[in-house]
1. Considering only segment 60-69, I want to know if a residue exists there that is among the hydroxyl-bearing types (Ser, Thr, Tyr) and modelled with pLDDT under 85.
2. Restricting to segment 120-151, and then to whatever is within 27 Å of Leu17 (Cβ to Cβ), in contact with a Pro (Cβ under 9 Å, 6 or more places away or on another chain) and part of a helix (DSSP H, G or I), can you tell me which residue is modelled with the lowest pLDDT?
3. Exactly one condition in (1) modelled with pLDDT of 70 or more; (2) within 30 Å of Met1 (Cα to Cα) is not met by Val154; state its number.
4. So in segment 121-131, with the set limited to residues that are in contact (Cβ under 8 Å) with a residue 40 or more places away in the chain and buried (at least 18 other Cβ atoms within 10 Å of the Cβ), which one is nearest to Pro49 (Cα to Cα)?
5. Spot the failing condition for Ser62; the list is (1) touching a helix residue (DSSP H, G or I) at 6+ places or on another chain (Cβ under 6 Å); (2) surrounded by fewer than 21 Cβ atoms within 10 Å (Cβ to Cβ), and only one is missed.
6. Considering only segment 95-112, state which residues are in a helix (DSSP H, G or I) and surrounded by fewer than 20 Cβ atoms within 10 Å (Cβ to Cβ).
7. Considering each residue of segment 30-41, count those that are under 12 Å from Glu88 (Cβ atoms) and either basic (Lys, Arg) or surrounded by 14 or more Cβ atoms within 10 Å (Cβ to Cβ) (or both), and give that number.
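The values are calculated or read from the model by the stated rules, or taken from the named source; none is laboratory data. All values derive from a computational prediction rather than experimental measurement. No Cβ is skipped: glycine too gets one built from the backbone with ideal geometry, and neighbour counts run over all protein chains shown.
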Amino acid sequence: MSLTTILRRTALVLTALFVVGGLLFALGYAWEDMDLWPAVLVTAAVVLPVVGLTVLASRSPSLALKVLVAGVATFAVWAVVTIFVDVEAPTIPVIALVLALPIAVVGQRYATRAGELLMAVAAVPVVLLVLELLPGSRREGAPLRDLLGTSTGVVVIPLALLAAILLVAGATGRETPAPEQPSVQPPTPAARS
């Protein structure tokens, strides 16, 4: 087994463990704080995207890569919105976890691209935390170490490390090319005779 394969699989297993643990922790609080039906809806809103994106990533990595790029861009926009709108739930770390597992699955085929996407997912909360340090923000003057101790900060560091593993895997080996589609050629006059 090559170093690239070992790194890709390590990133996938560690990401899966981190995502499952983090989502169970977050959903556990939802079940404690909410009535039954709202908790069921929140659980479905978290679990269904993770499962759907992960299945897509395993069956069609190239399509999943495009969908995940759009997902990361939407995540970045949502992070900016939360600067101006007070959101009671920890949506930033939960969305980061939702995106992380399918990205790691795509990383089994496209390690470098997945590493870049996962690094972007980790960077969005960091940028958000830095913006919160600016004068006029809701948490003006809060030290960065205090912000990194939040649920958002707890998610950022492991995701950045997992992204680094995927980036190293991409650097140590060739990206697996997408399988060639057989092209149907019309028969030439020489082939017909």
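1. no
2. Ser151
3. Status for Val154: all satisfied but (2).
4. Val121
5. In the conditions (1) touching a helix residue (DSSP H, G or I) at 6+ places or on another chain (Cβ under 6 Å); (2) surrounded by fewer than 21 Cβ atoms within 10 Å (Cβ to Cβ), Ser62 misses (1) alone.
6. The answer is Thr112, and nothing else.
7. To start, the set of residues in segment 30-41 that are under 12 Å from Glu88 (Cβ atoms) comprises 30, 33-34.
Then keep just the ones that are either basic (Lys, Arg) or surrounded by 14 or more Cβ atoms within 10 Å (Cβ to Cβ) (or both); that gives 30, 34.
Residues in segment 30-41 being under 12 Å from Glu88 (Cβ atoms) and either basic (Lys, Arg) or surrounded by 14 or more Cβ atoms within 10 Å (Cβ to Cβ) (or both): 2 in total.
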